[in-house]
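The values are calculated or read from the model by the stated rules, or taken from the named source; none is laboratory data. Being a predicted model, the structure only gives us computed values, none of them experimental. Here the Cβ positions follow ideal geometry from the backbone for every residue, glycine too, while neighbour counts run over all protein chains shown.
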């Protein structure tokens, strides 16, 4: 029995020494993985566009990790390293998800813009025939061309994978067409009330 106790005491002492030693060593492997993960997220072209806040979180955690390691707070540094790595991986995942959402939204906006042209073109043609002095046909024709240009820009941006730009161009074109129809409609109503 005494022999067993004498073996257990040194074993416990060794475990305690190893645990204390482990706490005094910087978590270099975890820190390296975190740094690599954040660098990968920073270099991914989608992340700054579609998940900048997720990237910022990962970058902030990495900075905190380095501060903790410099202050020899290795347990904190280890935890922050794991958090930074997870945040960087999440940023990449978020970017892919949001890119797909942006692609779908851009496609829908482009289709809506295409469908809006006939109404605006019909309204403009009717306004030309009516020769309403309240309607500036030349200005509205220029606006119609702007909407066509917006469609070209949207389609070009979409084709090159710039979905946010495609969406914005399509929405701008759609708004221009809506304004054309609204302007013609308002002028026609004013003219009909005066008769």
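When the residues of segment 127-149 are filtered to those that are touching a helix residue (DSSP H, G or I) at 6+ places or on another chain (Cβ under 8 Å) and part of a loop (DSSP other than H, G, I, E, B), the one that is farthest from residue 165 (Cα to Cα) is 132.
Being touching a residue at least 60 places away in the same chain (Cβ under 8 Å) and either crowded, with 17+ Cβ neighbours inside 10 Å or under 30 Å from residue 49 (Cα atoms) (or both) is a condition met by no residue of segment 128-149.
Taken together, the residues in segment 150-171 that are assigned to a helix (DSSP H, G or I) and either touching a strand residue (DSSP E or B) at 6+ places or on another chain (Cβ under 8 Å) or free of Cβ contacts under 8 Å to residues at least 24 places away in the same chain (or both) amount to 7. If the condition is being buried (at least 16 other Cβ atoms within 10 Å of the Cβ) and under 29 Å from the mean Cα position of the chain (by Cα), then segment 59-76 contributes 59, 61, 62, 64, 65, 66.
Matching residues to (1) buried (at least 18 other Cβ atoms within 10 Å of the Cβ); (2) in contact with a helix residue (DSSP H, G or I) (Cβ under 9 Å, 6 or more places away or on another chain); (3) assigned to a helix (DSSP H, G or I); (4) at pLDDT 95 or above:
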{"position": "80", "(1), (2), (3), (4)": "yes, yes, yes, yes"}
{"position": "85", "(1), (2), (3), (4)": "yes, yes, yes, yes"}
{"position": "90", "(1), (2), (3), (4)": "no, yes, yes, yes"}
{"position": "105", "(1), (2), (3), (4)": "no, yes, yes, yes"}
{"position": "113", "(1), (2), (3), (4)": "yes, yes, yes, yes"}
{"position": "125", "(1), (2), (3), (4)": "no, no, yes, no"}
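Among all residues of segment 6-27, there is none that is assigned to a helix (DSSP H, G or I) and either at pLDDT 95 or above or under 30 Å from residue 164 (Cβ atoms) (or both). Scanning segment 47-58 for residues that are surrounded by 15 or more Cβ atoms within 10 Å (Cβ to Cβ), in a helix (DSSP H, G or I) and within 8 Å of the chain's Cα centre (by Cα) yields 47, 48, 49, 50.
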